[in-house]
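The values are calculated or read from the model by the stated rules, or taken from the named source; none is laboratory data. Note that this is a predicted model, so its numbers are computed, not measured. Note that each Cβ is placed from the backbone with ideal geometry, even for glycine, and that neighbours are counted across all protein chains shown. All accessible areas refer to the heavy atoms of the entire protein, side chains included, with ligands and DNA or RNA removed. Shrake-Rupley method; radii C 1.70, N 1.55, O 1.52, S 1.80 Å.
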Amino acid sequence: MIWRLATRNLRSSPLRLVLVSLAIILGVGFVSGAFVLGDTINKAFDGLFAKINQGVAVRVQGVASISSDSREPVPASVLPKILAVDGVATAAGSVGGTATIVGKDGKAIGGSGPPTLGFGWVADPALNTLRLVSGRAPTGPNDVVINVRSATLAKVVPGDAVRIITPAGSGEYRLVGLVKFGSTDNLLGATLTGFAMPTAQRVFGLVGRYTDIGVTGKQGVLDSTLAHRVQAVLPPGYEAITGARATQQATDQFNSIIGILRDVLLVFAGISLFVGAFIIFNSFSITIAQRTRQVGLLRAVGASRGSVVGEVVIEALIIGVVASVIGVAFGVVVALGLEKLFDAFGASLPKAPIQIQPRTVIVALAVGILVTLVAALRPAIRASRIPPIAALRDDVHEVTQSVRRLVVAIVVTGLGVGLVLLGVFGSVGNPFVWLGLGALLLFIGAALLTAQIARPLARVIGAPLVLIGRIPARLGRENAMRNPARTAQTATALTIGVALVTAATIFASSLYASFAGDLDRRLLAQVIVQTGSQQPFTPAAATALAAVPELATVTAWREGQFRDAHHDVQTVSGVDPATILDLYDAGLLHGAFTDLSRPGTIAVQKDYAKTNHLTVGSTMPAFFAKTGTRPLRVAAIFSASTFGQFFISLPEYERNFTTQQDTLILARGREGVSAADAKKAAAAVLAPYPNLTVYTKAAYKDQVNAQINQLLYLVYTLLGLAVVIAIFGIVNTLALSIFERTREIGLLRAVGLTRRATRAMIRWEAIIVALIGGVVGLVLGAFIGIVIVQRISLLTTLSVPWGSLVVFLVLAGLAGVVAAIFPARRAARLNVLDAIQAE
Amino acid sequence: MATSEAPPVAAAARIEDGAKVYGTGDAEVRALDGVTRSFPVGHFTAIMGPSGSGKSTLMHCMAGLDRLTTGTTWIGEVELGALGEKDVTAVRRDRIGFIFQAFNLLPMLTAAENIRLPLDIAGRRPDPEWLNQVISALELGDRLDHRPSQLSGGQQQRVAAARAFASHPEIVFADEPTGQLDSHSSSELLGFMRRAVDEFSQTIVMVTHDPTAASYADGVVFLGDGRIVDELAAPTPTSILDRMKALSGASQ
Ligand SMILES: Nc1ncnc2c1ncn2[C@@H]1O[C@H](COP(=O)(O)OP(=O)(O)OP(=O)(O)O)[C@@H](O)[C@H]1O
Ligand SMILES: [Mg+2]
């Protein structure tokens, strides 16, 4: 019986079903899409690396003492010892590093994102990551092989000369063959270059050393046994792992990149589900209010409270199941779409059949159904409280505004504020959990609070609109004011999107303001050189620049990692102590940067110095992958945190790090040389290094801004989805409200309201509801954004972009206009007579 | 569209050969079946007849809420059938007043706002003197700031009447305006309508089932199966009852 009622109710308004389901479909789609994509990529990489490491029984490499990419190279002297180990069939060292291919047009191939990988050619095919597709293997010092896609992009064929930029500099090579990486040509858009082994060792600065050593075992020897035996002959600081572990490590590294993507998708899944929950809650609240008489009648003829709850729950369950199932399917589409997107950006993933694991389906379904049920629970309970007498009454359902509700609203909001503050300023557990939980409560609290203030808010917001829109605007405003709870719930869906967009904008704006302000003040260089993706590059570039007559000072900047006394990983910059302060104002407080020229010295940022009780002259231990723990004497303390917390001299850097590559070059023109001329001169000399970009200070600032904006737009795009869901929420509320007000609209039409004015009335209502959501969202977003900015010490300047906030408010209003299109048309098309006679 | 400067016509509203057919084939219902009638200016006409006889249909078609299947209707000199939706709406707004049986008022507006609603929609200034007269005649002075939910059924209908008369319409249509009122509230409302006719030459067409209500009118039109079956001038409750009995007897 209740089953039949539930399905009847659902079938009676298919539109509502669609609108309500949409949010769940999107949310569940993101959840399942995130998992499907993650699993598929995982599977693909697993397969790829498993194939590559197929013949490898054991791999010998430096231990990851600081991070997975800080492994020390293996001395070639270890190789004979390994070959002597019982059970070892073959062993060969391999060498890897970055190598940028330059196209025929003089432009670098790739390099803005995907890695540019270089390898030494290993003769043993079982131990070689590269597979020859055509041509021959590199043997001579000038021979090189590259992957097929890079060759196409570079417009070169075997036999051509090709320019390759390596850590040793920029050089001409002869292309002798084309290769693939294992079974795939295009690994996430990476470019592949293979040199003869001695060449590779030279250009990657690994003469007499290998990045790692691959070992194959004799028949019948277990990999693990072999690994054990090999480990025994290794010097300390090196490890022998099985091929399976090596595959796992390689896969994990790629997965961590994909993991970020998955987490981002899951966050947005969470947001859309949360917004969706509001819409479902609202939708059920409205329909139950509309069905008060029906429910009262049911109760009057003997239905129990339980069966009333049951009816609503079944309705929710049906919506939840249907929407979640569609959502899971949609998720597969999302995953496929993202894969295509990768392809479109030239960052292809290795192919694997799409992975839909039971876990994905179960989690996605459970989440979707659960959210729907939870959202419908309160309306269900409220429905069960409808007394039988309601069947006979013709009350207008009006939500009472009690002090109790106000108190609850304030308490929940306060709790939300508290948790956000705890997450941002406290140091208990994971700050993101508190922040997320706080934001959740904040939004719920805001919805409750909005219900209490929706009336005055609508009055104030509507006042200027009534002047423009006259009677339809006034009627629209009255409609928005008559059921504050409904208005608040509808508005909150939009509030969430607007708040997140606002917070992100304030964050980005402050980030730029802080960074740009700092750059202006701190950066004294006229010319800045970097690769597009901030990958390290050959020191040869700085050497070349040093010879440019127009440039007075040139400083290379290297970055590397060490572990401090607390075992925290820190980044240190290697610079020229004599000139650095002419190019970068670090804000020297104590000591002298020039003292860094003495061995074993370091400059420390003041906040770190303070918490670690460091003063000039005191020592701090630093653990380097190459040299182990070294006591460093503090030579200087400085205030700026724009460009790093620690400085050492370049010689000190060379002592403690194996790879010598620059991340940045700063330069100033000679007296009387303009910034533009200095830049021109630098660019001319750097022509053989198309992977490098030469900026003036202004251009560099623009580029920083552009990067921040790029990120911001990505966030906007994803949050835009939350706004779209919110628009559907408004459509849903309006459509249901119009259904409810059929008679009123008929009456208005009867006494002379034109269709156009009827549409305008609905539109104004939507605009006012949307603006309420927008205003509350701006306030919440500003709060969250400002608090986060305060917390991050890197953000020294708080910047609230008022212009953008006004734009958001206007966009919120426009969202209302868009949401109103369909319901308004429906309202205007109502037959006057039917409307008047409707029960 | 003609304006009020046009020469006065004797009929405030007129229907000629009006027919309204719902459905087709077996399901065809002729709600109106050839009705011709004038409603003279300053006349209070009651329309009576058994349920389903087409009273509401007649009123809706004449008031521009619905369209005839065949035939013509006029409000004053304006033929409604010739007008588009937008112009019909304007005619309703500017020249016609309505009182329905129930649900006459917008719940979110106060009594005063409801009364002024058609004027506001038209963007016309109310005539304050007339408005006061209407409001005081309907004894609504102390209820103006109340919302419909705070008013009794009788009060609500009086507000609806005030709204119908507030804009000086050429003609007021009322479909069972007293249908949900007790006899005291009924007589208040009907008394007001009567006075509007007597003192201001208001034209009223009212559908009712109640002989007592109909007796306030100048004449009664009896409908049966979509046709005018009888008329009665200067009706009294007893004369109406007699006529109704005669009609129902004849139809059996
Ligand atoms: N929309 C419609 N579709 C089909 N038939 C209709 C429709 N509206 C009215 N009718 C039919 O037209 C006839 C006249 O209806 P109308 O509402 O005019 O009667 P009435 O005299 O006002 O009755 P009552 O006294 O019950 O209000 C009835 O038979 C009715 O069933
Ligand atoms: Mg009727």
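Check whether at least one residue in the stretch A:641-657 is in contact with a Lys or Arg (Cβ under 9 Å, 6 or more places away or on another chain), surrounded by fewer than 18 Cβ atoms within 10 Å (Cβ to Cβ) and of a type in the set (S, T, Y), and report yes or no. Among the residues of the stretch A:641-657, not one is in contact with a Lys or Arg (Cβ under 9 Å, 6 or more places away or on another chain), surrounded by fewer than 18 Cβ atoms within 10 Å (Cβ to Cβ) and of a type in the set (S, T, Y), which makes the answer no.
Comparison of B:V35, B:V91 shows that the only residue that is open to solvent by less than 10 Å² (accessible area, probe 1.4 Å) and within 16 Å of ligand 1 (Cβ to nearest atom) is B:V35. Condition test on B:S183, is it away from ligand 1 (no atom under 16 Å from the Cβ), among the polar types (S, T, N, Q) and open to solvent by 50 Å² or more (accessible area, probe 1.4 Å)? For B:S183, the condition - away from ligand 1 (no atom under 16 Å from the Cβ), among the polar types (S, T, N, Q) and open to solvent by 50 Å² or more (accessible area, probe 1.4 Å) - is met. The set of residues in the stretch B:71-116 that are part of a helix (DSSP H, G or I), closer than 23 Å to B:R37 by Cβ and more than 10 Å from every other protein chain (Cβ to nearest Cβ) comprises B:L80, B:G81, B:A82.
Residue count for the stretch A:88-110 under the criterion of being surrounded by fewer than 20 Cβ atoms within 10 Å (Cβ to Cβ) and small (G, A, S): the result is 4.
A:G816 meets each of the listed conditions (1) within 14 Å of chain B (Cβ to nearest Cβ); (2) open to solvent by less than 10 Å² (accessible area, probe 1.4 Å); (3) small (G, A, S) apart from (1). Screening B:T3 against (1) among the β-branched types (V, I, T); (2) surrounded by fewer than 17 Cβ atoms within 10 Å (Cβ to Cβ); (3) at pLDDT 90 or above leaves a single unmet condition, (3). The single condition from (1) within 15 Å of ligand 2 (Cβ to nearest atom); (2) assigned to a strand (DSSP E or B) that B:S51 fails is (2). For the stretch A:227-244, the set of residues classified as touching a helix residue (DSSP H, G or I) at 6+ places or on another chain (Cβ under 8 Å) and charged (D, E, K, R) consists of A:E239 only. Considering only residues in the stretch B:225-243 that are surrounded by 15 or more Cβ atoms within 10 Å (Cβ to Cβ) and not in a helix (DSSP H, G or I), the one that is nearest to ligand 2 (Cβ to nearest atom) turns out to be B:G226. Within the bounds of the stretch A:612-625, is there any residue that is open to solvent by less than 20 Å² (accessible area, probe 1.4 Å), touching an Asp or Glu at 6+ places or on another chain (Cβ under 9 Å) and not charged (D, E, K, R)? Yes, the stretch A:612-625 contains at least one residue that is open to solvent by less than 20 Å² (accessible area, probe 1.4 Å), touching an Asp or Glu at 6+ places or on another chain (Cβ under 9 Å) and not charged (D, E, K, R). If the condition is being over 16 Å from A:V832 (Cβ atoms), under 13 Å from the mean Cα position of the chain (by Cα) and in a loop (DSSP other than H, G, I, E, B), then the stretch B:54-70 contributes no residue at all. Only one entry in A:L712, A:L747, A:L753 is under 31 Å from the mean Cα position of the chain (by Cα) and over 20 Å from A:S285 (Cβ atoms), namely A:L712.
Within the stretch B:194-224, the residues that satisfy the criterion of being part of a loop (DSSP other than H, G, I, E, B) and more than 14 Å from ligand 2 (Cβ to nearest atom) are B:S201, B:Q202, B:S215, B:Y216, B:A217, B:D218.
Tell me, please, whether a residue that is outside the structural domain of A:L132 (by TED's automatic domain parsing), open to solvent by less than 30 Å² (accessible area, probe 1.4 Å), over 17 Å from A:V60 (Cβ atoms) and out of contact with any Gly (no Cβ under 7 Å at 6 or more places or on another chain) can be found in the stretch A:238-251. So far as the stretch A:238-251 goes, yes, one or more of its residues are outside the structural domain of A:L132 (by TED's automatic domain parsing), open to solvent by less than 30 Å² (accessible area, probe 1.4 Å), over 17 Å from A:V60 (Cβ atoms) and out of contact with any Gly (no Cβ under 7 Å at 6 or more places or on another chain).
Entry remark, the stretch B:121-168: residues being within 10 Å of another protein chain (Cβ to nearest Cβ) and either buried (at least 20 other Cβ atoms within 10 Å of the Cβ) or over 22 Å from the mean Cα position of the chain (by Cα) (or both) number 9 in total.
Does B:T24 satisfy the criteria of being at pLDDT below 90 and away from ligand 2 (no atom under 13 Å from the Cβ)?
Against the criterion (at pLDDT below 90 and away from ligand 2 (no atom under 13 Å from the Cβ)), B:T24 qualifies.
Do we have B:A246 as over 28 Å from B:A90 (Cβ atoms), open to solvent by 50 Å² or more (accessible area, probe 1.4 Å) and either more than 16 Å from ligand 1 (Cβ to nearest atom) or in contact (Cβ under 8 Å) with a residue 40 or more places away in the chain (or both) here? Taking the combined requirement at face value, the residue satisfies it.
Pairing residues of the stretch B:201-228 that are free of Cβ contacts under 8 Å to residues at least 12 places away in the same chain with residues that are among the small types (G, A, S) and part of a strand (DSSP E or B), at Cβ distances under 9 Å and at least 6 apart in sequence or on separate chains, gives no pairs at all.
The set of residues in the stretch A:707-756 being in a loop (DSSP other than H, G, I, E, B) and either away from chain B (no Cβ under 14 Å) or of a type in the set (V, I, T) (or both) consists of A:V751, A:T754.
Conditions tested, residue by residue: (1) closer than 20 Å to B:G219 by Cα; (2) within 15 Å of ligand 1 (Cβ to nearest atom); (3) open to solvent by 10 Å² or more (accessible area, probe 1.4 Å); (4) within 14 Å of chain A (Cβ to nearest Cβ).
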{"site": "B:R14", "(1), (2), (3), (4)": "yes, no, yes, no"}
{"site": "B:K20", "(1), (2), (3), (4)": "no, yes, yes, yes"}
{"site": "B:P50", "(1), (2), (3), (4)": "yes, yes, yes, no"}
{"site": "B:L58", "(1), (2), (3), (4)": "yes, yes, no, yes"}
{"site": "B:R67", "(1), (2), (3), (4)": "no, yes, yes, yes"}
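Here's the yes/no breakdown for (1) open to solvent by 10 Å² or more (accessible area, probe 1.4 Å); (2) away from chain B (no Cβ under 14 Å); (3) assigned to a helix (DSSP H, G or I); (4) not aromatic (F, W, Y):
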{"site": "A:Q452", "(1), (2), (3), (4)": "yes, yes, yes, yes"}
{"site": "A:A463", "(1), (2), (3), (4)": "yes, yes, yes, yes"}
{"site": "A:I471", "(1), (2), (3), (4)": "yes, no, yes, yes"}
{"site": "A:M481", "(1), (2), (3), (4)": "yes, no, yes, yes"}
{"site": "A:R486", "(1), (2), (3), (4)": "yes, no, yes, yes"}
{"site": "A:Q489", "(1), (2), (3), (4)": "yes, yes, yes, yes"}
{"site": "A:L494", "(1), (2), (3), (4)": "no, yes, yes, yes"}
{"site": "A:A499", "(1), (2), (3), (4)": "no, yes, yes, yes"}
